[in-house]
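S.K.: Have a look at this one.
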Amino acid sequence: MSKLYIIPTPIGNLKDITFRALSILKEADIILAEDTRVTKKLFKHYDINKKLISFHTHNEHKIVQTYINKLLSGLSVALVSDAGTPSISDPGFLIVRESILNNINVQCLPGPTAFVPALVNSGLPSDRFIFEGFLPFKKGRKKRLESLVKETRTIIFYESPHRLVKTLEQFCVFFGEDRKASVSREISKIFEETKRGELKDMLLYFKEKKPKGEFTIIIEGYNKK
């Protein structure tokens, strides 16, 4: 029976993949990968000898119909991103949407997503939160931040190392330098680190220590007081 499988992969420690995910990756007819070079390392570790096909932001619109047709023909397709769960700040939404429109069975396995451990580790309220992912680089960035100034739920962002300091500077301006925050990097990897405090503390720390790795920033929601 044809089915689209969305397979979460480890965000760091390769042991974080599930037995079920490995089983499906070994059995699927077609495996789509955001970056085949990254996924090959995972496959080598678990001795999975399957062909990988590139499926990423720059080509998904051009080739998605090809794999919808494969699914309609009765083949099973598994989609993985470089790390974490596909479609969460990674390719995946398009093929899921098209599969649903074509009445193709879609199944997303539970598994690694960076913001969940970062949120829990932050010590900030985790009962209600909003996930913003990556902010727009230029157009719409200021407007997005302005819209979040009085957001009362805990706010979650992703950020790259070379933009981290600039982003923290903007957070201090828009949210106030005394707003509580947590910054996590390299979750589940050897150099995993979580810094907690006020935004001004986060900014000072990463100005003095060059940011390395991928970052998840958790910010306390607005408190009217």
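S.K.: Pairs only if they're at least six apart or on different chains, beta carbon under 6 angstrom, first in the stretch 73-85 and polar (S, T, N, Q), second at pLDDT 95 or above; list them, first residue then second.
M.R.: From the stretch 73-85, the pairs are S76/K3; S76/A28; S76/D29; S81/E34; T85/P8.
S.K.: Kindly indicate which of I68, I48 is surrounded by 15 or more Cβ atoms within 10 Å (Cβ to Cβ), among the hydrophobic types (A, V, I, L, M, F, W, C) and in a loop (DSSP other than H, G, I, E, B).
M.R.: I48
S.K.: Which one is nearest to P125 (Cα to Cα) among residues in the stretch 146-161 that are in a loop (DSSP other than H, G, I, E, B) and of a type in the set (S, T, Y)?
M.R.: T152
S.K.: Let me ask something else. Can you report the number of residues in the stretch 175-191 which are of a type in the set (K, R) and either within 15 Å of K210 (Cβ to Cβ) or surrounded by fewer than 18 Cβ atoms within 10 Å (Cβ to Cβ) (or both)?
M.R.: Selection size over the stretch 175-191: 2.
S.K.: Oh, and also: When the stretch 143-174 is examined, which residues are found to be among the basic types (K, R) and either within 17 Å of K210 (Cα to Cα) or touching a Phe, Trp or Tyr at 6+ places or on another chain (Cβ under 8 Å) (or both)?
M.R.: K150, R153, R163, K166
S.K.: Just checking, how many residues over the stretch 132-164 are under 20 Å from the mean Cα position of the chain (by Cα) and in contact (Cβ under 8 Å) with a residue 40 or more places away in the chain?
M.R.: 13
S.K.: Continuing with this model, one more query. Among the numbered conditions (1) buried (at least 18 other Cβ atoms within 10 Å of the Cβ); (2) closer than 23 Å to F131 by Cβ; (3) not hydroxyl-bearing (S, T, Y), tell me where L42 comes up short.
M.R.: Result: L42 passes all but (2).
S.K.: Just for the stretch 76-88: of the residues that are buried (at least 18 other Cβ atoms within 10 Å of the Cβ) and of a type in the set (G, A, S), which one is nearest to A21 (Cα to Cα)?
M.R.: Per the criteria, the residue is A78.
S.K.: Here is a follow-up. Being more than 15 Å from the chain's Cα centre (by Cα), loosely packed, with under 15 Cβ neighbours inside 10 Å and more than 20 Å from R97 (Cβ to Cβ): is that true of S73 here?
M.R.: Considered against the rule, which asks whether it is more than 15 Å from the chain's Cα centre (by Cα), loosely packed, with under 15 Cβ neighbours inside 10 Å and more than 20 Å from R97 (Cβ to Cβ), S73 comes out as no.
S.K.: Before we move on, is V120 in a helix (DSSP H, G or I) and within 30 Å of E198 (Cα to Cα)?
M.R.: Judged against the criteria, V120 is a match.
S.K.: Select from the stretch 1-36 the residues that are assigned to a helix (DSSP H, G or I) and charged (D, E, K, R) and write down the one among them that is nearest to Q107 (Cα to Cα).
M.R.: Checking each candidate, the answer is R20.
The values are calculated or read from the model by the stated rules, or taken from the named source; none is laboratory data. Since the model is a prediction, treat every value here as computed from it, not as a measurement. When we count neighbours, we look across all protein chains shown, and the Cβ atoms used for this are built from the backbone with ideal geometry, even at glycine.
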